[in-house]
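Quick notes on the structure that follows.
The values are calculated or read from the model by the stated rules, or taken from the named source; none is laboratory data. Since we're looking at a predicted model, the values are computed, not measured. So basically every Cβ, Gly included, is an ideal-geometry build from the backbone, and we count neighbours across all protein chains shown. Ligands, DNA and RNA are stripped out before the accessible areas are found, and what is left, the full protein with its side chains, is counted by its heavy atoms. Shrake-Rupley method; radii C 1.70, N 1.55, O 1.52, S 1.80 Å.
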Amino acid sequence: MTTRPRLSQCGLSAGKRARLHRILHQHGLGNGTALFLPYDQGLEHGPRDFFPDPAAADPRYIIKLALEGGFNGIAVQIGLAEKFYWDYAGEVPLILKLNGKTDIPSDRDALSPLHASVEDAVRLGADAVGYTLYVGSPAQVPDYGQLHEVRRDAQRFGMPLVVWAYPRGAAIEQKGGKDSFYAVHYAARVASELGADVVKVNFPHPEKQQDVPDPYHTAFTAQQAMDAVVRAANRTLVLVSGGSRAGDEAMLEKAEESMAAGATGLIFGRNVWQREHGASLRLVEQLRQILAKYPTTPKV
Ligand SMILES: O=C(CO)COP(=O)(O)O
(Lines give C-alpha, C1' and ligand atoms only; values in the text may rest on other atoms or scores of the structure.)
Protein backbone atom coordinates (compact mmCIF):
# COMPACT_ATOMS: atom_id res chain seq x y z
CA MET A 1 0.00 0.00 0.00
CA THR A 2 1.19 3.49 -0.88
CA THR A 3 0.61 6.41 1.45
CA ARG A 4 -1.92 8.96 0.19
CA PRO A 5 -0.18 12.36 -0.05
CA ARG A 6 -1.46 15.22 2.09
CA LEU A 7 -2.10 18.60 0.46
CA SER A 8 0.81 20.16 2.34
CA GLN A 9 3.18 17.72 0.60
CA CYS A 10 2.02 18.40 -2.93
CA GLY A 11 3.89 21.60 -3.83
CA LEU A 12 0.66 23.60 -4.15
CA SER A 13 0.33 27.39 -4.12
CA ALA A 14 -1.99 28.86 -1.49
CA GLY A 15 -4.88 29.24 -3.97
CA LYS A 16 -4.62 25.69 -5.26
CA ARG A 17 -4.39 24.35 -1.76
CA ALA A 18 -7.41 26.34 -0.57
CA ARG A 19 -9.50 25.08 -3.48
CA LEU A 20 -8.44 21.46 -3.05
CA HIS A 21 -9.05 21.77 0.66
CA ARG A 22 -12.61 22.93 -0.05
CA ILE A 23 -13.16 19.96 -2.37
CA LEU A 24 -11.56 17.28 -0.21
CA HIS A 25 -12.22 18.45 3.33
CA GLN A 26 -15.40 20.55 3.11
CA HIS A 27 -17.46 18.41 0.73
CA GLY A 28 -18.25 14.72 0.39
CA LEU A 29 -17.15 12.88 3.49
CA GLY A 30 -14.73 15.69 4.37
CA ASN A 31 -12.03 13.14 5.16
CA GLY A 32 -9.60 13.94 2.35
CA THR A 33 -11.09 11.38 -0.07
CA ALA A 34 -13.15 12.26 -3.12
CA LEU A 35 -16.06 11.03 -5.14
CA PHE A 36 -16.58 13.00 -8.34
CA LEU A 37 -19.45 12.81 -10.80
CA PRO A 38 -18.13 13.37 -14.33
CA TYR A 39 -20.62 14.49 -16.96
CA ASP A 40 -18.74 15.19 -20.19
CA GLN A 41 -19.79 11.95 -21.89
CA GLY A 42 -22.45 13.79 -23.95
CA LEU A 43 -19.55 15.41 -25.83
CA GLU A 44 -17.09 12.52 -25.71
CA HIS A 45 -19.49 9.70 -26.68
CA GLY A 46 -22.69 11.49 -27.71
CA PRO A 47 -26.24 11.24 -26.41
CA ARG A 48 -26.21 7.44 -26.71
CA ASP A 49 -24.91 7.32 -23.13
CA PHE A 50 -28.26 8.64 -21.89
CA PHE A 51 -30.35 5.86 -23.43
CA PRO A 52 -30.10 3.54 -20.37
CA ASP A 53 -31.66 6.24 -18.13
CA PRO A 54 -33.10 9.15 -20.13
CA ALA A 55 -33.38 11.28 -16.96
CA ALA A 56 -29.58 11.58 -17.09
CA ALA A 57 -29.75 13.63 -20.30
CA ASP A 58 -30.82 16.59 -18.14
CA PRO A 59 -27.88 18.37 -16.46
CA ARG A 60 -30.17 19.51 -13.61
CA TYR A 61 -30.83 15.86 -12.76
CA ILE A 62 -27.07 15.22 -12.59
CA ILE A 63 -26.29 18.21 -10.36
CA LYS A 64 -29.13 17.21 -8.02
CA LEU A 65 -27.80 13.66 -7.97
CA ALA A 66 -24.36 14.98 -7.03
CA LEU A 67 -25.91 16.92 -4.14
CA GLU A 68 -28.11 14.04 -2.96
CA GLY A 69 -25.21 11.59 -3.19
CA GLY A 70 -22.82 13.84 -1.26
CA PHE A 71 -20.27 14.06 -4.07
CA ASN A 72 -17.12 16.18 -3.76
CA GLY A 73 -17.64 17.71 -7.18
CA ILE A 74 -18.94 17.48 -10.71
CA ALA A 75 -16.91 17.73 -13.91
CA VAL A 76 -18.63 19.41 -16.85
CA GLN A 77 -17.85 21.32 -20.02
CA ILE A 78 -18.19 25.09 -20.35
CA GLY A 79 -21.64 25.16 -22.01
CA LEU A 80 -23.34 23.19 -19.25
CA ALA A 81 -21.42 25.00 -16.53
CA GLU A 82 -22.63 28.37 -17.84
CA LYS A 83 -26.25 27.30 -18.25
CA PHE A 84 -26.80 25.10 -15.21
CA TYR A 85 -24.15 25.35 -12.50
CA TRP A 86 -25.49 28.47 -10.88
CA ASP A 87 -29.03 26.98 -10.58
CA TYR A 88 -27.53 25.24 -7.54
CA ALA A 89 -25.61 28.27 -6.30
CA GLY A 90 -22.31 26.49 -6.57
CA GLU A 91 -23.31 24.11 -3.76
CA VAL A 92 -21.20 21.29 -5.17
CA PRO A 93 -17.65 22.09 -6.33
CA LEU A 94 -17.09 22.38 -10.07
CA ILE A 95 -14.24 20.96 -12.12
CA LEU A 96 -14.46 22.82 -15.41
CA LYS A 97 -13.26 20.65 -18.29
CA LEU A 98 -11.21 22.82 -20.63
CA ASN A 99 -10.89 20.46 -23.59
CA GLY A 100 -12.88 17.66 -25.14
CA LYS A 101 -13.84 16.07 -28.44
CA THR A 102 -16.37 13.72 -30.00
CA ASP A 103 -15.71 10.04 -30.72
CA ILE A 104 -16.94 10.35 -34.31
CA PRO A 105 -13.47 10.22 -35.93
CA SER A 106 -11.22 7.40 -34.74
CA ASP A 107 -9.09 7.95 -31.65
CA ARG A 108 -5.83 6.90 -33.29
CA ASP A 109 -4.43 10.43 -33.77
CA ALA A 110 -6.33 11.85 -30.83
CA LEU A 111 -5.87 15.44 -29.68
CA SER A 112 -8.51 17.05 -27.50
CA PRO A 113 -8.87 20.73 -28.44
CA LEU A 114 -9.19 23.52 -25.90
CA HIS A 115 -12.46 25.42 -25.84
CA ALA A 116 -12.44 27.07 -22.43
CA SER A 117 -9.83 28.72 -20.24
CA VAL A 118 -8.69 28.86 -16.65
CA GLU A 119 -10.10 32.40 -16.63
CA ASP A 120 -13.54 30.95 -17.48
CA ALA A 121 -13.13 28.63 -14.51
CA VAL A 122 -12.39 31.56 -12.19
CA ARG A 123 -15.38 33.48 -13.58
CA LEU A 124 -17.70 30.51 -12.98
CA GLY A 125 -16.48 29.88 -9.42
CA ALA A 126 -14.86 26.55 -10.25
CA ASP A 127 -12.54 24.84 -7.79
CA ALA A 128 -10.43 23.03 -10.38
CA VAL A 129 -9.91 22.67 -14.11
CA GLY A 130 -9.74 19.42 -16.06
CA TYR A 131 -7.58 18.67 -19.09
CA THR A 132 -7.56 15.44 -21.13
CA LEU A 133 -4.05 14.42 -22.19
CA TYR A 134 -3.72 11.60 -24.72
CA VAL A 135 -0.51 9.87 -23.71
CA GLY A 136 1.06 7.93 -26.60
CA SER A 137 -1.06 9.56 -29.31
CA PRO A 138 0.77 10.70 -32.47
CA ALA A 139 -0.52 14.17 -31.53
CA GLN A 140 1.09 14.15 -28.08
CA VAL A 141 3.54 16.92 -28.99
CA PRO A 142 0.88 19.62 -29.64
CA ASP A 143 -1.05 18.13 -26.73
CA TYR A 144 1.87 18.85 -24.38
CA GLY A 145 1.96 22.41 -25.75
CA GLN A 146 -1.72 22.95 -24.90
CA LEU A 147 -1.23 21.45 -21.47
CA HIS A 148 1.70 23.78 -20.87
CA GLU A 149 -0.53 26.81 -21.57
CA VAL A 150 -3.22 25.52 -19.23
CA ARG A 151 -0.70 24.71 -16.50
CA ARG A 152 0.80 28.20 -16.72
CA ASP A 153 -2.64 29.80 -16.32
CA ALA A 154 -3.55 27.39 -13.54
CA GLN A 155 -0.39 28.43 -11.68
CA ARG A 156 -1.21 32.11 -12.22
CA PHE A 157 -4.80 31.80 -10.93
CA GLY A 158 -4.13 29.30 -8.13
CA MET A 159 -6.42 26.79 -9.84
CA PRO A 160 -5.85 23.05 -9.27
CA LEU A 161 -5.15 21.15 -12.49
CA VAL A 162 -6.74 17.72 -12.89
CA VAL A 163 -5.29 15.76 -15.82
CA TRP A 164 -7.37 12.99 -17.38
CA ALA A 165 -4.30 10.91 -18.41
CA TYR A 166 -5.68 8.74 -21.18
CA PRO A 167 -3.39 6.40 -23.11
CA ARG A 168 -4.44 6.47 -26.79
CA GLY A 169 -3.35 5.64 -30.30
CA ALA A 170 -2.07 2.75 -32.40
CA ALA A 171 1.13 2.28 -30.37
CA ILE A 172 -0.94 1.95 -27.18
CA GLU A 173 -3.27 -0.55 -28.86
CA GLN A 174 -0.27 -2.67 -29.86
CA LYS A 175 0.82 -2.77 -26.22
CA GLY A 176 -2.47 -4.07 -24.91
CA GLY A 177 -4.71 -1.01 -24.98
CA LYS A 178 -5.70 1.98 -22.91
CA ASP A 179 -6.33 0.13 -19.66
CA SER A 180 -3.33 -2.20 -19.75
CA PHE A 181 -1.06 -1.81 -16.72
CA TYR A 182 1.82 -0.64 -18.92
CA ALA A 183 -0.28 2.16 -20.45
CA VAL A 184 -1.96 3.35 -17.24
CA HIS A 185 1.28 3.23 -15.25
CA TYR A 186 3.10 5.28 -17.89
CA ALA A 187 0.24 7.78 -18.20
CA ALA A 188 0.20 8.41 -14.43
CA ARG A 189 3.91 9.11 -14.47
CA VAL A 190 3.64 11.45 -17.48
CA ALA A 191 0.88 13.52 -15.85
CA SER A 192 2.91 13.81 -12.67
CA GLU A 193 6.07 14.83 -14.54
CA LEU A 194 4.18 17.43 -16.59
CA GLY A 195 2.80 19.18 -13.52
CA ALA A 196 -0.68 17.80 -12.85
CA ASP A 197 -1.96 18.36 -9.31
CA VAL A 198 -4.44 15.51 -9.64
CA VAL A 199 -4.38 12.69 -12.20
CA LYS A 200 -7.31 10.65 -13.33
CA VAL A 201 -6.46 7.16 -14.56
CA ASN A 202 -8.19 4.03 -15.76
CA PHE A 203 -8.00 1.04 -13.44
CA PRO A 204 -4.91 -0.90 -14.64
CA HIS A 205 -5.12 -4.44 -16.03
CA PRO A 206 -1.82 -6.39 -15.88
CA GLU A 207 -3.31 -9.27 -17.87
CA LYS A 208 -4.03 -7.06 -20.88
CA GLN A 209 -0.58 -5.79 -21.76
CA GLN A 210 1.35 -7.31 -24.63
CA ASP A 211 4.62 -6.61 -26.39
CA VAL A 212 5.79 -4.45 -23.47
CA PRO A 213 9.31 -3.82 -22.08
CA ASP A 214 10.80 -6.52 -19.88
CA PRO A 215 9.95 -5.41 -16.32
CA TYR A 216 6.25 -5.60 -17.17
CA HIS A 217 6.55 -9.35 -17.75
CA THR A 218 6.54 -9.85 -13.97
CA ALA A 219 3.19 -11.23 -12.83
CA PHE A 220 1.41 -8.33 -11.10
CA THR A 221 -1.92 -8.72 -9.36
CA ALA A 222 -4.51 -5.99 -9.94
CA GLN A 223 -3.76 -4.66 -6.44
CA GLN A 224 0.01 -4.54 -7.08
CA ALA A 225 -0.60 -2.80 -10.40
CA MET A 226 -2.77 -0.17 -8.75
CA ASP A 227 -0.15 0.35 -6.01
CA ALA A 228 2.47 0.91 -8.70
CA VAL A 229 0.25 3.43 -10.50
CA VAL A 230 -0.18 5.48 -7.32
CA ARG A 231 3.59 5.36 -6.74
CA ALA A 232 4.21 6.45 -10.34
CA ALA A 233 2.05 9.52 -9.69
CA ASN A 234 4.17 10.43 -6.66
CA ARG A 235 2.74 13.56 -5.04
CA THR A 236 0.03 13.91 -7.65
CA LEU A 237 -3.31 12.86 -6.17
CA VAL A 238 -4.87 9.92 -8.01
CA LEU A 239 -8.49 9.49 -9.07
CA VAL A 240 -9.71 6.26 -10.65
CA SER A 241 -12.29 6.33 -13.39
CA GLY A 242 -15.41 4.19 -13.58
CA GLY A 243 -15.52 3.21 -17.25
CA SER A 244 -18.42 1.68 -19.11
CA ARG A 245 -21.35 0.19 -17.22
CA ALA A 246 -20.43 -2.83 -15.06
CA GLY A 247 -22.05 -4.70 -12.15
CA ASP A 248 -22.08 -3.37 -8.57
CA GLU A 249 -19.62 -6.02 -7.35
CA ALA A 250 -17.04 -5.11 -9.98
CA MET A 251 -17.35 -1.40 -9.19
CA LEU A 252 -17.03 -1.92 -5.44
CA GLU A 253 -13.99 -4.11 -5.91
CA LYS A 254 -12.37 -1.50 -8.15
CA ALA A 255 -13.13 1.18 -5.56
CA GLU A 256 -11.71 -0.88 -2.68
CA GLU A 257 -8.50 -1.80 -4.54
CA SER A 258 -7.97 1.78 -5.67
CA MET A 259 -8.40 3.27 -2.22
CA ALA A 260 -6.28 0.54 -0.59
CA ALA A 261 -3.51 1.45 -3.04
CA GLY A 262 -3.53 5.08 -1.89
CA ALA A 263 -5.78 6.70 -4.51
CA THR A 264 -7.44 9.88 -3.26
CA GLY A 265 -10.75 9.06 -4.83
CA LEU A 266 -13.06 7.90 -7.56
CA ILE A 267 -14.56 9.61 -10.58
CA PHE A 268 -17.45 7.39 -11.59
CA GLY A 269 -19.93 8.65 -14.16
CA ARG A 270 -21.85 6.16 -16.29
CA ASN A 271 -21.83 3.56 -13.53
CA VAL A 272 -23.68 6.03 -11.34
CA TRP A 273 -26.10 7.82 -13.67
CA GLN A 274 -26.90 4.99 -16.10
CA ARG A 275 -28.94 3.37 -13.27
CA GLU A 276 -32.35 4.49 -12.14
CA HIS A 277 -32.27 7.07 -9.37
CA GLY A 278 -32.64 4.74 -6.35
CA ALA A 279 -30.04 2.29 -7.66
CA SER A 280 -27.61 5.17 -8.31
CA LEU A 281 -27.92 6.38 -4.73
CA ARG A 282 -27.55 2.87 -3.32
CA LEU A 283 -24.30 2.34 -5.21
CA VAL A 284 -23.05 5.78 -4.15
CA GLU A 285 -23.76 4.95 -0.51
CA GLN A 286 -21.68 1.76 -0.81
CA LEU A 287 -18.86 3.72 -2.45
CA ARG A 288 -18.98 6.26 0.38
CA GLN A 289 -18.65 3.45 2.91
CA ILE A 290 -15.43 2.39 1.19
CA LEU A 291 -14.08 5.97 1.12
CA ALA A 292 -14.88 6.32 4.82
CA LYS A 293 -12.31 3.61 5.58
CA TYR A 294 -9.45 5.59 4.03
CA PRO A 295 -9.24 9.05 5.63
CA THR A 296 -6.19 11.19 5.04
CA THR A 297 -4.57 11.57 8.44
CA PRO A 298 -3.27 13.91 9.60
CA LYS A 299 -5.44 16.20 7.55
CA VAL A 300 -2.76 18.69 6.44
O1 LIG B 1 -14.06 10.96 -15.94
C2 LIG B 1 -14.81 10.35 -16.69
C3 LIG B 1 -15.29 10.95 -17.93
O4 LIG B 1 -14.79 12.25 -18.07
C5 LIG B 1 -15.17 8.96 -16.34
O6 LIG B 1 -16.45 8.70 -16.72
P7 LIG B 1 -17.02 7.22 -16.64
O8 LIG B 1 -17.03 6.84 -15.20
O9 LIG B 1 -18.38 7.32 -17.24
O10 LIG B 1 -16.06 6.37 -17.44
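Checking understanding here: applying a Kyte-Doolittle mean of at least -0.5 and a length along the axis of at least 20 Å (C-alpha), which whole DSSP H helices in the chain pass? Counting only whole DSSP H runs, the qualifying helices are 277-292.
Here is the link list: 64/97; 16/97; 208/254; 83/254. Which ones come out longer than 22 Å on Cα distance? Pairs exceeding 22 Å: 83/254. For residue 250, project a label point 7 Å along Cα to C-beta. Then give me every residue of the stretch 179-197 with its amide nitrogen under 16 Å of that point. Correct set: 179-180.
Taken about its Cα centre, the chain carries a charge dipole of about 820 debye when Lys and Arg each add +1 at the Cβ and Asp and Glu each add -1 at the Cβ.
Which shape class applies to the chain: rounded if a/c is under 1.5, otherwise prolate when a/b exceeds b/c and oblate if not, where a ≥ b ≥ c are the square roots of the Cα gyration tensor eigenvalues? In terms of gyration-tensor shape, rounded.
Scoring 224-235, 249-260, 207-218 by mean Cβ neighbours within 10 Å over their residues and listing the highest first yields 224-235, 249-260, 207-218.
Of the peptides 104-115, 160-171, the ranking by mean beta-carbon count within 10 Å, highest at the top, reads 160-171, 104-115. Here the contact order of the chain, divided by its residue count and restricted to Cα pairs under 8 Å and six or more residues apart, works out to 21 percent. Across the accessible surface of the stretch 7-291, with the other protein chains kept in place and a 1.4 Å probe, carbon and sulfur atoms take up 52 percent. When only alpha carbons are used to place a centre, the stretch 1-66 and the stretch 123-186 end up 17 Å from one another.
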